[in-house]
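Taking it in order: structure first as structure tokens, then the write-up.
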Amino acid sequence: MYTKITVGFLVLLIFSPLLPAQWILIPMDESQTNHLKAYGLTYWTLETPREYSVKWLLNYRGGAFLLVDTPDIRKQSYEMGVNFESLSNIDYATIQTEIENSNMDEILLEKAPKVAVYRPHDNSPYRDPWDDAVKIAMDYADIPYDTVWDEEIIEGVLFAKEYDWLHLHHEDFTGQYGKFYASFRDQVWYQQRVRMYQDVAQKSGFNSVARHKGHIAKLIRDYVVRGGFLFAMCSAPETLDIALAADSGRIDIVAPEIDGTPVKANYQSKLKFDQTFTFKDFKLYPNPNRYEFSNIDNPQPELNPLSGVEDFILFEFAAKHDPIPTMLTQNHKARISGYLGQTTSFNKNTIHQSTTILAEIEGTEYAKYIHGNLGKGTFTFLAGHDPEDYRHLVGEGRIPTNLNLHKHSSGYRLILNNILFPAAKKKPQKT
């Protein structure tokens, strides 16, 4: 004999198609019409004055997002060209059952992270001859961010404005001006870059660019230790740790052709690997005519994008036990097309064992994507310069990658996973 509760549930089930939807599902599998703008829609949903909560369904349909069904969210979805599906509470309950019985999880996103990008301001007379993939991604997805530069970091802006997330890209914290001496020292942009770095260092009270940039590296490290989230790409992860190992520029590792002073005798043995984020036991290359900074990077990248030898594989993690690496690897593809950069990949032999490898170049000793904890904060390093520009030669930044042509980019999805990661509510670990 049916109970009143059972009868009520059956009636609800029978007439559920007539009930208004309570939820909007943003699928992130192959059915999504614009994967990258879906992140922007999710961020928009979390922003003030809306502040709707979002549920990130890890490993469900490519890492789908579940939003409340409101007219303004529907309107924004249409305007951004993001595909969505209407769900009832019963539909959602069915999904929850599937999640509970699979390698999936549900993560609550509570707020829109406050984002800072480390780069010269747009009104600066100097402009890099390359672009920043993260800036391109956020501009395309309509995710707001502030630009911060050396003077503001020294003044404590990262803490004063309570930024949740800091991004670094094609940066050189070692004082070697990007190791472009051999190829570009006669170029106007290189000479302008040298003058700008020297002027800023002098104004900040430092007698060398290496000491100044090393101090910036230490302040960034302090930001993470105190609870910040750091995401760095291309040469930034490598040079950040080199600068820290060089005692924030106190150990001279810069060739005299560049800074006018000799390299410190026995510099290699004096490096302080206990000061870095993750890289250890690496060998430096101070020769100004050598483009590489150290053996952290893969020295001989394949220059044929069709060969697939630079493609990398995302690892799959246990969503309920390892939610953070699971969030960072959400994608509709497990194999991602390779792309180069000044730091194309990370030598596994130089990565601290406490750091989690999120993706690797299959069959090699090189990782592409790593994540770790430092103090109260976290860092995530993604090698390579631009996921949709295989070589991204110097000068090509004048024409930024058009993401309208790459709306489903699995490589750019990794960047955008990191932007939403700080929005997640921390869950107690399951035992």
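The GNM of the chain, with springs linking C-alpha atoms under 10 angstrom apart, assigns the highest mean-square fluctuation among G40, G227, G214 to G227. From the P(r) of the range 223-309, could you give the percentage of C-alpha pairs in the tail past 19 Å? That tail contains 47 percent of the Cα-Cα pairs.
Screening the chain for whole DSSP H helices with an alpha carbon extent of at least 18 angstrom along the helix axis and a mean Kyte-Doolittle hydropathy of at least 0.5 yields nothing.
Here each label is just a point 7 Å from Cα along the line to Cβ, and for H321 and E362 those points are 2.5 nm apart.
Each Lys or Arg adds one and each Asp or Glu subtracts one; over the other residues with Cβ under 15 Å from the Cβ of V115, this totals -3. Count neighbours as other Cβ atoms within 10 Å of each site's Cβ, and list the GluC sites (Glu not before Pro) in the range 151-250 that are DSSP loop with at most 14 such neighbours. Sparse-neighbourhood loop GluC sites (Glu not before Pro): E155, E162. Taking label points 7 Å from Cα along the Cα-to-Cβ direction, K283 and S354 give a separation of 2.7 nm.
Charge tally around L25: other residues with Cβ under 13 Å, Lys/Arg +1 each, Asp/Glu -1 each, net -3. Only helices enter this figure: runs of n ≥ 4 DSSP H residues, each worth -39500 (n - 2.57), summed and divided by the residues of the chain, yield -9000 deg cm²/dmol at 222 nm to the nearest 500.
Shape class for the range 282-353: oblate, because the ratio a/c of the largest to smallest gyration tensor axis (alpha-carbon atoms, square roots of eigenvalues) is 1.5 or more and b/c is at least a/b.
Taken along its three principal axes, the alpha carbon spread of the range 17-146 comes to 60, 32, 25 Å, from the longest extent down to the shortest. Each of E151 and A334 was given a label point 7 Å from its Cα along the Cα-to-Cβ line. The distance between the two points is 5.1 nm.
Per-residue extension of 0.36 nm, minus the Cα-Cα distance of N83 and E98, leaves a gain of 3.2 nm for this segment. With a/c under 1.5 counting as rounded, go ahead and sort the range 96-224 into rounded, prolate or oblate using the C-alpha gyration tensor (a ≥ b ≥ c being the square roots of the eigenvalues; past the cut-off, prolate if a/b is larger than b/c, else oblate). Cα axes put the range 96-224 in the prolate bin.
F293 sits among other residues whose Cβ lies under 12 Å from its own Cβ, and their net charge, with Lys and Arg +1 and Asp and Glu -1, is -3.
When the chain is treated as a Gaussian network with alpha carbon springs shorter than 10 Å, the biggest mean-square fluctuation among L108, L244, L36 belongs to L108.
Per the Kirkwood formula applied to alpha carbons, the range 323-397 shows a radius of gyration over Rh ratio, Rg over Rh, of 0.99.
Among N295, N331, N59, the residue with the largest mean-square fluctuation in a Gaussian network model of the chain, with springs joining Cα atoms closer than 10 Å, is N295. Taking the centroid of alpha carbons for each part, the range 199-233 and the range 60-112 are 40 Å apart.
The stretch between I90 and K75 holds 3.0 nm of extra length on full extension. This uses 0.36 nm per residue minus the Cα-Cα distance. One equal scatterer on each Cα of the range 160-277, no solvent, Debye formula: the resulting log10 I(q)/I(0) at q = 0.13 Å⁻¹ is -0.51. Taken over the range 28-74, the percentage of Cα pairs per 10 Å bin, counting from 0 up to the bin with the maximum distance, is 26, 57, 16, 0. Placing unit charges on the Cβ atoms only, positive for Lys and Arg and negative for Asp and Glu, gives the range 111-264 a dipole magnitude near 300 debye about its Cα centre.
Its residue count N fixes a reference of 2.2 N^0.38 Å for the chain, and the Cα radius of gyration divided by that reference is 1.06.
Quick note: the coordinates plus some simple rules give every number you see, no bench work behind them. Only a predicted model underlies this, so the values are computations on that prediction, with no experimental measurement involved. So basically every Cβ, Gly included, is an ideal-geometry build from the backbone, and we count neighbours across all protein chains shown.
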